[in-house]
Amino acid sequence: MCSGCSIPAGHGVVEDRYVQAENPVVDILFVIDNSTSMAVAQAQLSLAFPSMVSVLQALQVDWQMGIISTDMTDPNQRGRLLSLNDVGTRLLTAATPDGVEAFQNALIMGTEGSQLERAFSAAWESMKPPIASHENLGFPRDSARLVMIVLSDEDDCSDEGALLAEGSAACVAQTQLLVPVEDFLARFLSTRDRAVDLSFHAIIETGNQGEFSGCEGNSPGTRYMELVGLTGGSVHPICADMNSSIEDI
């Protein structure tokens, strides 16, 4: 300290001013693997889900969310938002009566879906006509930050009919026939005004993929990890504590 020093008028004083932005508008799309091995993971996500709603409500975020499956074989799915109740409500908002419980139940969608997990294709179908103009009307909103969260223990197999064989083995053996991740990124970004308004998060089988290691399975979601890296999202091992993963997201 300099006891004999003086500070000229107008110097040495810093005034910071912050302009409080409007509460963000956020649309969250859950893409759930509903193949035969997913019963436990679906149940764990369902139990952890209320913590996400609590955070959103505390932040006073204008939010809505929906659920689709990775099944592109069943014509009743293919990117269509799941109905949450008997009256056909497909979107959960803060105003949905008994909505959190209904959403939790919908997350446990069963294990009879296609064994080819086409998560990227399903997500893209969900946000373009004709589904976006009918079953999924109003989701995502043009002004919203779009957050996609995939839950799967297999990698994405979005081939758009290019695979020469059926079955999950074809996805591994013919990866060169899958639609490039960068193509899906471009499609998803085409729905947003700003790149910063898109993020992708993955709760997946990670295998031993460097920084994303954590699970010992042999089906790491490398395509999911690639899209996470391109959108500034996050990767969470499907074998980890689901509550922690949801809180991190």
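Figures for the structure shown
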read-out	value
Structure-based [θ]222 nm, the chain - -39500 (n - 2.57) summed over DSSP H runs of at least 4, per residue, nearest 500	-8000 deg cm²/dmol
Kyte-Doolittle at least -0.5, axis length at least 15 Å by Cα - qualifying DSSP helices, the chain	39-58
Among 194-207, 124-137, 228-241, the order from most to least packed when residues are scored by Cβ within 10 Å on average	194-207, 228-241, 124-137
Hydrodynamic radius of the chain per Kirkwood, over alpha carbon pairs, in Å	19.3 Å
Additional length obtainable on full extension of the chain from ASP193 to VAL40, 0.36 nm per residue less Cα span	51.4 nm
At R0 = 35 Å, FRET efficiency that the Cβ-Cβ distance of ASP98 and ASN218 yields, to 0.05	0.30
Mean projected area (nm²) of the alpha-carbon convex hull when the stretch 41-95 is viewed from all directions	4.8 nm²
Accessible-area composition of the chain, carbon plus sulfur, in percent [1.4 Å probe]	51 percent
Long-range amide H partners of HIS236 with built H, under 5 Å	ALA202, ILE203, ILE204
Within a Gaussian network of the chain (alpha carbon springs, distance under 10 Å), most fluctuating of THR70, THR96, THR191	THR96
Neighbourhood net charge (15 Å Cβ-Cβ; Lys/Arg +1, Asp/Glu -1) for MET148	0
Dimensions (Å) - the stretch 116-249, Cα atoms, principal axes, largest first	40, 40, 23
Accessible area of the stretch 129-249 divided out per residue, in Å², using a probe of 1.4 angstrom	48 Å²
Rough spin-label spacing in nm, given labels placed 7 Å along Cα→Cβ, for GLU160 and GLN57	4.1 nm
Relative contact order, percent, the stretch 117-227 [alpha-carbon distance under 8 Å, six or more residues apart]	30 percent
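The values are calculated or read from the model by the stated rules, or taken from the named source; none is laboratory data. From a predicted model like this one, the values you see are computed outputs, not experimental measurements. Backbone-built Cβ (ideal geometry, glycine too); neighbour counts: all protein chains shown. Note: areas computed on protein heavy atoms with side chains; ligands, DNA, RNA excluded. Shrake-Rupley method; radii C 1.70, N 1.55, O 1.52, S 1.80 Å.
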